[in-house]
Amino acid sequence: MKDSFGREISYLRISITQRCNLNCVYCGKDDCAKKAEELSPEAYYKIAKAFAKCGITKVRITGGEPLVRADVPEIVRLIASIEGIETVALTTNAVYLKQYAKRLKDAGLTGVNISLDSTDGSTYRHLTGADVLHKVFAGIEAAEAAGLAPVKINAVLMKGVNADGAEAMIRLAKEKPIDVRFIELMPFSEKGENEALRVTGDELLAKFPFLQPVESEEGTARYYQGDGFLGRVGFINPVSRKFCSECNRIRLLCDGKIKPCLGQEKTFDVLPFFHDEQRLCEEIKKIIFQKPAGHNFELKRQMHGLNQTGG
């Protein structure tokens, strides 16, 4: 289905929890252990099914950290069974991924994105508040072994914090069939509003000129490779290269509210129409049509934390 700006909306991100087992400095949350309202697997299935009838073909499960919910494999299984849904992916910090990777693959998961902002143990601990980097690498190995390939790693760099680790991150893409994507710092916290911390894709490309563009049809990310690379390096630049005109996504929050734009605060409650599929579809179509033209990151106004929106 198209919104009022002619964009084909085909990608649904479902945040199934705002809880998280880490406390990342740029996320903007101070309530990572707080349990907000969370729907049942059957409820997410029913709403996702209505979205599929409106043209959604791709679903990504997010959080918070989705793997704090033990029923994630069941959520994946139900959504993967929906007619019209072609891919079901997951974004995770990978701390618990080792124990879930095979079950998720068997349930129908088609891909996994892993949030990893440093390969250095002390820097990782500073960024996340936890000494669990070894568990993250074990999770990456388990995902590869389960066939969830290519694994994609998402990294947010900050000057004077972890930007000096960019070369080590790029090395992962050279040595393994992994996509490493650098995502610009966004205004979801006090740090996020500090432009002096932001590292742009253009700055990184200037620093690593051996990276050359490769063709890709994956939307918001621009991909590059160097000679002999097994994986790719991607750049997602929502601030310096605003790509709202190409946005094809919409978000379902863990409490059943729909958020049309990551960079806008407005949400819509569809739970009142939960038991009437036709009405639910009608409401979803109205919300999609009202999707705003773009985000307001340039206003430097803190948004809800990423744990609430799923990024």
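The values are calculated or read from the model by the stated rules, or taken from the named source; none is laboratory data. What you are looking at is a predicted structure, and each value in this text was computed from that prediction instead of being measured. When we count neighbours, we look across all protein chains shown, and the Cβ atoms used for this are built from the backbone with ideal geometry, even at glycine. Heads up: the accessible areas ignore ligands, DNA and RNA and are worked out on the full protein's heavy atoms, side chains in. Shrake-Rupley method; radii C 1.70, N 1.55, O 1.52, S 1.80 Å.
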- Message: Tell me whether region 175-270 comes out rounded, prolate or oblate; compute the Cα gyration tensor, take square roots of the eigenvalues as a ≥ b ≥ c, and use a/c under 1.5 as the rounded threshold.
- Response: prolate
- Query: Cα axis of helix 166-175 to longest principal axis of the chain: angle in degrees, 0 to 90, nearest 10?
  - Reply: 80 degrees
- Note on the structure: Carbon/sulfur accessible area of region 81-191, % of total, 1.4 Å probe, equals 47 percent
- Item | Helix 41-53 vs. the chain, principal-axis angle (Cα, 0 to 90°, nearest 10) | 80 degrees
- Packing-based order for 220-230, 59-69, using average beta carbon neighbours within 10 Å, highest first: 59-69, 220-230
- Item | Magnitude of the charge dipole, the chain, Cβ model with Lys/Arg +1 and Asp/Glu -1, debye to 20 | 260 debye
- Task: Please give the calculated 222 nm ellipticity per residue for the chain, where each DSSP H segment of at least 4 residues contributes -39500 (n - 2.57) and the sum is spread over every residue; nearest 500 deg cm²/dmol?
- Result: -8500 deg cm²/dmol
- Task: Two decimals is fine: what's Rg over Rh for region 5-161, C-alpha atoms, Kirkwood radius as Rh?
- Result: 0.98
- Task: Give me the distance in nm between label points sitting 7 Å out from Cα along the Cα-to-Cβ direction at Glu83 and Glu167, one decimal.
- Result: 5.6 nm
- Message: With the crude spin-label approximation of a point 7 Å out along Cα→Cβ, what separation in nm comes out for Ala70 versus Ala293?
- Response: 5.0 nm
- Any idea what the relative contact order of region 62-202 is, in percent, if you count C-alpha pairs under 8 Å spaced at least 6 apart? 20 percent
- Query: Helix 133-146 versus the longest principal axis of the chain: what is the Cα-based angle in degrees, 0 to 90, to the nearest 10?
  - Reply: 60 degrees
- Task: Could you list, in their original order, any pairs among Lys2/Lys259; Lys2/Lys174; Lys152/Lys207; Lys2/Lys159 whose Cα atoms are separated by more than 27 Å?
- Result: Lys2/Lys174; Lys2/Lys159
- Query: Based on DSSP, what percent of beta bridges with both residues in region 1-112 are antiparallel, to the nearest 5?
  - Reply: 10 percent
- Rounded if a/c is under 1.5, else prolate if a/b is larger than b/c, else oblate: which is region 30-98, with a ≥ b ≥ c the root eigenvalues of its Cα gyration tensor? prolate
- Per residue accessible area of region 1-100, 1.4 Å probe, in Å²: 38 Å²
- Sort region 120-231 into rounded, prolate or oblate with this rule: let a ≥ b ≥ c be the square roots of the eigenvalues of the Cα gyration tensor; rounded if a/c is under 1.5, and if a/c is not under 1.5, prolate when a/b is larger than b/c, oblate otherwise. oblate
- If ligands, DNA and RNA are left out, what is the accessible area of Ser245 with a 1.4 Å probe, given in Å² to the nearest 10? 90 Å²
- Spatial extent of region 101-161: Rg and Dmax, with the Cα atoms as the point set, Å: 13.0, 42
- Sequence-separation-based contact order of the chain, relative, with Cα cut under 8 Å and 6+ spacing, percent: 23 percent
- Message: Over region 171-238, what is the relative contact order in percent, taking alpha-carbon pairs closer than 8 angstrom and at least six residues apart?
- Response: 46 percent
- Message: Solvent-accessible area of Asp269, probe 1.4 Å, all protein chains present, reported in Å² to the nearest ten, please.
- Response: 70 Å²
